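Single-structure report; data block below.
The values are calculated or read from the model by the stated rules, or taken from the named source; none is laboratory data. Computed from a prediction, not measured in an experiment: that's the story for all the values here. FYI the Cβ positions are ideal-geometry reconstructions off the backbone, even for glycines, and counts take in every protein chain you see. Surface accessibility is based on the protein's heavy atoms, side chains included, excluding ligands, DNA and RNA. Shrake-Rupley method; radii C 1.70, N 1.55, O 1.52, S 1.80 Å.
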Amino acid sequence: MTTMTIAKAINAGLHRTLSEDPKTLLMGEDIGSLGGVYRVTEGLKAEFGADRVVDTPLAESGIIGTAIGLALRGYRPICEIQFDGFVFPGFNQITTQLAKIHARAAGQLTTGVVIRIPYGGGIGSIEHHSESPEALFAHTAGLRIITPSNPHDAYWMTQQAVQCPDPVIIFEPKKRYWLKGEVDTEQPAADPFTAQVLREGQDATLLAYGPLLPVALAAANAAEQDGRSVEVIDLRSLSPIDFDTITESVRKTGRLLIAHEAPTFGGLGGEIAARISERAFYSLHSPVIRIGGFHMPYPVAKVEEQYLPDIDRILEALDRALAY
Amino acid sequence: MSTAHLPRTEAEQLSGNPAQRVEARHQQGAEDASREVLQLLAPDGGRRQNSTFSPFAEALSSAQLRQFYRDMALARRFDQEATALQRQGELAMWVPMVGQEAAQVGSGRASRPEDYLFPTYREHAVAMTRGVNPSQLLGLFRGVSHGGWDPRQNNFHLYTLVLAAQTLHAVGYAMGVQRDRAAGLTESPAVLAYFGDGSSSEGDVHESMVFAASFQAPVVFFCQNNRWAISVPFSVQSRVPLAQRAAGYGFPGLRVDGNDVLAVYAASQWALEHARSGAGPVLIEAETYRLGAHTTADDPSKYRGSDEEEQWRLRDPLLRLETLLRAEGHADDAFFDDLGQEGDQLASDVRREVLAMVNPDLRASFANVYAQQHPLIAEELAWLEEYEAGFVTEGE
Ligand SMILES: Cc1ncc(C[n+]2csc(CCOP(=O)(O)OP(=O)(O)O)c2C)c(N)n1
């Protein structure tokens, strides 16, 4: 067991991947000498060289598109997109090409490309640096999407993504890059495509992922002071979604709250609400309630705290659920 | 050979205000390039000389020259049959390539089996030179497949319908080849990336050239400038011949007569050799013409004059090579007659194979969405099975 930040855990996971598999390489903007704008790849170029840690031209479509070609030739590219809001020049390659090649080739080709995207707000940044575009990718069949919320998962999920034969997008909660926690480098994390119950409870299930996990846990603690027992689930995988774990929890608690930073409208919360109402309708004591962003471009930093789901908004939703 | 460089001295000599200077340089560059369209086989069937490229064409045996003609003739016959199948409602759509046979056969035949080719959706003749069974090209258009062949079998990738996307895949693949070579894992294959004049405006083409140049990837960009992107003429895509763009990226650009199979073959061999030797990418712009519609869904008479088509018919790549074959005694009437029969046989085989294509079961579409087990796929497939089973029970 060692204690490290999420950023360091991803770095260590990448380090282990590069050491163990000569076919892996990192590609992205400023990831070499600088070590990435968040220093997640710090030191890796010095150790593995510029051929394994490739500073690419400044071109997101180019990064993803050439990674696809490298994967077709048997390589395992791990791409970094510098910020959430800048993935869109590469959106075409991700959704029309990367996601579909395996199906179009009737299974004869696989493109196990990994794409790391720092996402989410709360860092006081300017526009296009705080977004949560995960639903836009989750809607596309052929992609897998995971998001770690703690260093242990970050360390292992990074490596597990590389092992997966399908393309995997890792949304990294950038606000939590400096969150510290224990990492067991001997004991792998659970299957990355499953959800985990982080805290048991009886009165309601609170589902969150990535950057909102600390907020969800704090809200559950606050609710406990009021005598309310909230179960907290870390979704971890946004595609596929582990509906079994959620359903089981909702059967027990009878209520479901879903928190994410992305706008509520058309977000993953709606998908989960619909599926759970199909699967556990008779167990539900209240409608599934979503706590998310508003239908607006991510707001300016000075008001982002009002935009982002926080403890109070989660508790307000809990009150509403319990009032049914 | 590189048509793209404006000699520095001339540029420096240009005077006047900056705008005029730019315009003058622009025109000068275009003129230089247009003077240098590589041609080894003229429309009249006579050979032309070029010190760099003629040796490639002169090394061709009679059998190889006949092979080129055979490739072009069979591809044309196949294309006509596919058009007929579409007209008869057997294909949802067809993308004809009549007129572009020389560009496709010349480049396809210049490639080696270990090279990997990334086509667009119109490279039927290239596919045939790579040994892909032509019927397999039709599964996509009949609606029974998104692909239709195993790309690894002939190192010929699947067709790509999103314009220019494959140019990046080609460069990435070439970067992989480079790594394999460095690790001593492979000989020296090259990668060939096809795209059209319209696609040259897509950002992916730009990004692919930047990546290829930055990493000196062993890739040859092969643009078939067939003058039209559906209804939009080339002048809307570029003010200068595309081959000139290569200079801006820092690699050679060749402009060839795309209806001259010898020139295309020579330029492609030169370029592939350049890439294989580790000297980096090359861009070839093959000037050709799509004689038919963009697809069977459009009507060229709405956007271009028949006189233009007539002009290009005079430069037909097949007639040109036929003249040479006859004049130099490589082939006689018997050869052409036999080939006509072979073409009819091919067409009837293709027709039979297409009509025999079995519609897949939707269940099969669940199979390869992911390589690894995925619960949503399993859930939705189970739902479908149950739903359909319900109909069976009700019917009984
Ligand atoms: C990204 C994208 N935009 C638009 C289209 C629709 N489209 C299909 S072919 C075509 C014209 C392409 O012209 P060009 O690249 O010159 O190739 P050609 O078809 O002439 O061989 C267009 C606009 C497409 N397939 N992909």
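Rg/Rh for chain B stands at 1.02; both radii use Cα atoms, and Rh follows the Kirkwood definition.
Under 12 Å from the Cβ of B:Arg245, count the other residues' Cβ atoms, weight Lys and Arg +1, Asp and Glu -1, and hand me the total.
Net charge around B:Arg245: 0.
Within segment A:143-244, the proportion of Cα pairs with more than 24 Å between them is 24 percent. Scalar couplings 3J(HN,Hα) for segment A:97-111, obtained by applying the Karplus form with A = 6.51, B = -1.76, C = 1.60 to θ = phi - 60°, are 10, 3, 5, 10, 4, 4, 5, 5, 8, 6, x, 6, 10, 10, 10 Hz; x denotes Gly and Pro.
Between the amide H of A:Leu25 and those of A:Arg76, A:Ile78, distances stay under 5 Å, these residues lying 5 or more places away or on another chain, with hydrogens modeled in the peptide plane.
Interface of B with A. Using a 1.4 Å probe and counting protein heavy atoms only, the two chains hide about 3600 Å² of accessible surface, both sides summed.
For segment A:1-142, the Cβ-based charge dipole about the Cα centre amounts to some 520 debye (Lys, Arg positive; Asp, Glu negative; other atoms uncharged). Reachable lysines from B:Lys302, Cα under 16 Å, same-chain residues fewer than 8 places away excluded? Once the sequence-local lysines are set aside, nothing remains near B:Lys302. Between the amide H of A:Ser239 and those of A:Ile145, distances stay under 5 Å, these residues lying 5 or more places away or on another chain, with hydrogens modeled in the peptide plane.
Taking the Cβ-Cβ separation of B:Leu384 and A:Gln163 as r and a Förster radius of 45 Å, what is the calculated FRET efficiency to the nearest 0.05? Using R0 = 45 Å, I get an efficiency of 0.90.
In segment B:28-356, taking the dipole from charged Cβ atoms about the Cα centre, the farthest positive-side position among B:Pro281, B:Val236, B:Pro300 is held by B:Pro281. Comparing B:Asn259, B:Pro360, B:Phe141 along the charge dipole axis of chain B, the residue lying farthest to the positive side is B:Asn259, per the Cβ-charge model.
Computed over chain A, the Cα gyration tensor eigenvalues convert (square root of 5λ each) into semi-axes of 33, 20, 19 Å, ordered from largest to smallest. Reducing segment A:1-63 and segment A:102-165 to their Cα centroids gives an inter-centroid distance of 16 Å. Per residue, the convex hull around the alpha carbon atoms of the protein assembly as shown comes to 194 Å³.
Per-residue 3J(HN,Hα) values for segment A:172-183, derived from phi via the Karplus relation 6.51 cos²θ - 1.76 cosθ + 1.60 with θ = phi - 60°, read 9, x, 5, 5, 9, 3, 9, 6, 9, x, 7, 10 Hz in sequence order (x marks Gly and Pro).
Here segment B:305-347 is treated with +1 on each Lys and Arg Cβ and -1 on each Asp and Glu Cβ, and its dipole about the Cα centre works out to around 180 debye. Summing Lys and Arg as +1 and Asp and Glu as -1 over all other residues whose Cβ lies under 12 Å from the Cβ of B:Phe68 gives a net charge of 0. When shorter helices are ignored and each DSSP H run of at least 4 residues is given -39500 (n - 2.57), the per-residue value for chain A at 222 nm works out to -9500 deg cm²/dmol. At 20 angstrom or more along the helix axis (alpha-carbon based) and mean Kyte-Doolittle of 0.0 or higher, what helices does chain B contain? Whole DSSP H runs only. Taking the DSSP H segments of chain B (at least 20 Å long, mean hydropathy at least 0.0), we get B:261-276, B:375-395.
Quick check for me: using +1 on Lys/Arg Cβ and -1 on Asp/Glu Cβ, what's the dipole size of chain B about its Cα centre, in debye to the nearest 20?
Value, rounded to 20: 1260 debye.
Using the rule -39500 (n - 2.57) for each DSSP H run of four or more residues, divided by the residues of chain B, the 222 nm mean residue ellipticity is -15000 deg cm²/dmol. Count Lys and Arg as plus one, Asp and Glu as minus one, and take only other residues whose Cβ is under 10 Å from that of B:Leu262; the net charge is then 0.
Computed from the Cβ-Cβ distance with R0 of 51 Å, the FRET efficiency linking B:Ser277 to A:Arg251 stands at 0.15.
Taking the C-alpha atoms only, the angle from helix A:213-225 to the longest principal axis of chain A is near 20 degrees. Taking the accessible area of chain B, probe 1.4 Å, and keeping the other protein chains in place, the carbon and sulfur fraction comes to 50%. In this calculation the C-beta distance from A:Asp319 to A:Ile123 is compared with R0 = 41 Å, giving a FRET efficiency of 0.90. For the pairs A:Lys8/A:Lys175; A:Lys180/A:Lys302; A:Lys174/A:Lys302, note any where the Cα-Cα span goes beyond 22 Å. Correct reply: A:Lys180/A:Lys302. Normalised Debye scattering of segment A:196-323 at q = 0.19 Å⁻¹ gives log10 I(q)/I(0) of -1.01, counting only Cα atoms as equal scatterers and leaving out solvent. Distance between the modelled labels on A:His139 and A:Gln108, one decimal in nanometres: 3.2 nm (7 Å Cα→Cβ projection).
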